[in-house]
Amino acid sequence: MFDIFSFCADPAVLDTGKWFACYLTTGKHMAFYASFGTVLLLLAITAPTALAFGFGGAAAARSRIAPLRWLGKIYISGVRGIPDIAFFLFFVIALDQGFEWLRHQWLCPDWDQPIRQGNDFVVCAAAKLPLNTADQSVHEWYGFATAILTFAIVFGAFSANVLFGAMRAVPKGQIETAEAYGMTSRQTFWRVIVPQMWVYALPGLSNLWMVLIKATPLLFLLGVEDIVYWARELGGTKQPRFTDYPHGDWRLWYFLALLVFYLAFTKVSEIVLDRIMRRLTLGQATTGGEAQRVAA
Amino acid sequence: MKNLILTTAALAITAGAALADGHSVVRMGTEGAYPPYNFLDDNGEVAGFERDLGDELCARAELTCEWVTNEWDSIIPNLVSGNYDVIIAGMSITAERDEVIDFTQAYTQPDPSAYVVLAGNESVDLSSAVIAAQTNTIQASFIAGTGATLVEFATPEETVAAVQAGEADAVLADKSFLAPIADGEADLVMLDQQELIGGGVGMGLRESDGELREAFNAAIQSMKDDGTLNALIAEWEVGEQF
């Protein structure tokens, strides 16, 4: 037994306070608390990755090289048009199989059986990702990584659209001036457009961030045991035959805790985003920037 | 009889040895939300009838096994795509599923399905009632074929909660799953009417994994022969014995 408190040996005889102290420190609850960390870690990695995808997509979509431009546009409109659920259910399995197929071609060139056998997807043991022999934690990290990649691709397409619009919103006069100074188009992009576009992008990006926070329960579809999974598991009715801590349907309380977590998290995000916005508008040729100048 | 045990045991051992390279670790996929078959204990570990059974089968087939949980809805797609090697999740053997995956021989007797309703609502007309069942189960397809209205839920827990919330008149599920709930919850009662659907519970494997299936078949047979399977069935109360 994993118990923090020594008196937890026989929960049935404890008074309410001690019972809850024991109940809330079971191994299952520890996994629940740890899953909050999983969600925060996912957000911390996904947000910059998605932004990078978005930046690449937007830059490609406004490229002068036609194939690159098509690629960017297809990425943006393609991913934005597919329902999230479909993406999370099918794309991840396809992605995983794609990796394994590549490894299979590389590692097992002598394999003589077909990879697709009816419904089955069979690659050689050495090509499995992760290997069947790998520790369960490796499998979990791998699932987590594919989750991040999927989130980054989906939210990257949306942020690409936001950034694409933001790049075009930079006042034309700024670009003309840059050209008049003899800057190349690359210099204009990096020195004039990119530094100024963020103020136009931020409202759209902050929306995406809020949606991303609320989309994290989709993690469970990808096999990652997130806070919603544990809340549902812990809150469900427990019969005395199967647990030391029988209780009724407590899902309401667990989901209430999740509600508080998500509300608090979005509130903090709003405050931080407001600050960033104020800093970005400083000195910009927007009404926000003008207002700050007058105030100063 | 003794000879039979010896041959099956020998078969299990040779099958196990033959598998050593292909399946040095066998990953066992389960739902973890269907007591007494499988559930998560207070430490978050997989427990239940199928945990005990699976560990014993792996020991007999000389396999190293690792337990993983997966949502019921996607438990078959993740098997055929190779994320784990075995489904051991209270899954009844049906012809429909057998088209997609393969089953070992059954390790439980066909468990009758039972209805649970709110106390005081025992006289509900089941032929026209609203009945809750878990998605992709034999119970769900059974109700879909009757005149009753089917409401489906992703987890077993939600089907019972739907009855308690008045959202459904009754829940149809395996009797061994509903029995402890009907005992434990004062507001729920089990009806006398039962439905004999399903052909016993077996382990699901990829159709291309014939050797592993034979290894488990032999191990199940040896547990049937020496009575240990019956002992487990009695301990966890998952229906009739063999």
Inset, instruction - Could you check, for region B:168-184, whether at least one of its residues is farther than 27 Å from B:Phe49 by Cα and in contact with a strand residue (DSSP E or B) (Cβ under 7 Å, 6 or more places away or on another chain)? - result: yes
Legend entry - Answer from A:Ala231, A:Ala285, A:Ala291 - the residue that is among the aliphatic types (A, V, I, L, M) and under 21 Å from A:Ala34 (Cβ atoms): A:Ala231
Legend entry - Flag if B:Ala95 is more than 9 Å from chain A (Cβ to nearest Cβ), surrounded by fewer than 17 Cβ atoms within 10 Å (Cβ to Cβ) and either in contact with an Asp or Glu (Cβ under 7 Å, 6 or more places away or on another chain) or not acidic (Asp, Glu) (or both): yes
Legend entry - Cβ pairs under 9 Å, 6+ apart, first in region A:107-123 and assigned to a strand (DSSP E or B), second among the small types (Gly, Ala, Ser) and surrounded by 11 or more Cβ atoms within 10 Å (Cβ to Cβ): A:Gln117/B:Ser208; A:Asp120/B:Ser81; A:Asp120/B:Gly82; A:Asp120/B:Ser208; A:Phe121/B:Ser81; A:Phe121/B:Gly82
Inset, instruction - Might you check whether a residue that is crowded, with 23+ Cβ neighbours inside 10 Å and out of contact with any Leu (no Cβ under 7 Å at 6 or more places or on another chain) occurs anywhere in region B:107-119? - result: yes
Legend entry - Pick from region B:74-92, criterion within 20 Å of B:Glu211 (Cα to Cα) and of a type in the set (A, V, I, L, M), ranking: farthest from the other protein chains (Cβ to nearest Cβ): B:Ile88
Legend entry - Subset of region A:49-73 that is farther than 14 Å from A:Phe158 by Cβ and loosely packed, with under 14 Cβ neighbours inside 10 Å - its residue that is farthest from the other protein chains (Cβ to nearest Cβ): A:Arg64
Legend entry - Only listed residue being surrounded by fewer than 20 Cβ atoms within 10 Å (Cβ to Cβ), assigned to a loop (DSSP other than H, G, I, E, B) and out of contact with any Pro (no Cβ under 7 Å at 6 or more places or on another chain), chosen from A:Met210, A:Met183: A:Met183
Inset, instruction - Give region A:235-254 a look and list any residue that's touching a residue at least 24 places away in the same chain (Cβ under 8 Å) and of a type in the set (Asp, Glu), or say none. - result: A:Asp244
Legend entry - Test for B:Gln134: is it among the polar types (S, T, N, Q), assigned by TED's automatic domain parsing to the domain that holds B:Thr30 and out of contact with any Lys or Arg (no Cβ under 8 Å at 6 or more places or on another chain): no
Inset, instruction - Output the number of residues of region B:191-210 satisfying the condition of being away from chain A (no Cβ under 14 Å), in a strand (DSSP E or B), touching a residue at least 12 places away in the same chain (Cβ under 8 Å) and not polar (S, T, N, Q). - result: 3
Inset, instruction - Would you please name the residue that is farthest from A:Leu43 (Cα to Cα), looking only at residues in region A:192-242 that are away from chain B (no Cβ under 12 Å) and of a type in the set (Ser, Thr, Tyr)? - result: A:Tyr200
Inset, instruction - Scan region B:33-48 for residues that are of a type outside the set (Ser, Thr, Tyr) and more than 8 Å from chain A (Cβ to nearest Cβ) and jot them down. - result: B:Asn38, B:Val46
Legend entry - In region B:107-136, the residues that are without any contact (Cβ under 8 Å) to a residue 60 or more places away in the chain and in a loop (DSSP other than H, G, I, E, B): B:Gly120, B:Asn121, B:Ser123, B:Val124, B:Asp125, B:Ser127, B:Ser128, B:Ala129
Inset, instruction - Could you give me the residue pairs with C-beta distances under 6 Å whose first residue belongs to region B:166-177 and is surrounded by fewer than 22 Cβ atoms within 10 Å (Cβ to Cβ), whose second residue is assigned to a loop (DSSP other than H, G, I, E, B) wherever it lies, and which are 6+ apart or on separate chains? - result: B:Lys175/B:Asp111; B:Lys175/B:Pro112
Legend entry - Within region A:1-96, helices (runs of 4 or more DSSP H) holding 3 or more residues that are at pLDDT below 90: A:16-23
Inset, instruction - With respect to A:Leu252, determine if the residue is within 13 Å of chain B (Cβ to nearest Cβ) and either surrounded by 16 or more Cβ atoms within 10 Å (Cβ to Cβ) or not hydroxyl-bearing (Ser, Thr, Tyr) (or both). - result: yes
Legend entry - Subset tally (residues that are of a type in the set (A, V, I, L, M) and in contact with a helix residue (DSSP H, G or I) (Cβ under 9 Å, 6 or more places away or on another chain)) for region A:222-273: 10
Legend entry - Residues of region A:220-260 classified as part of a helix (DSSP H, G or I) and under 27 Å from B:Pro36 (Cα atoms), total: 20
Inset, instruction - Could you look through region A:125-143, keep only residues that are more than 8 Å from chain B (Cβ to nearest Cβ) and of a type in the set (Ser, Thr, Tyr), and pick out the one that is surrounded by the most Cβ atoms within 10 Å (Cβ to Cβ)? - result: A:Tyr142
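The values are calculated or read from the model by the stated rules, or taken from the named source; none is laboratory data. Note that the structure is predicted; figures quoted are calculated from it, not measured. Neighbour counts run over all protein chains shown; Cβ positions are idealised from the backbone, glycine included.
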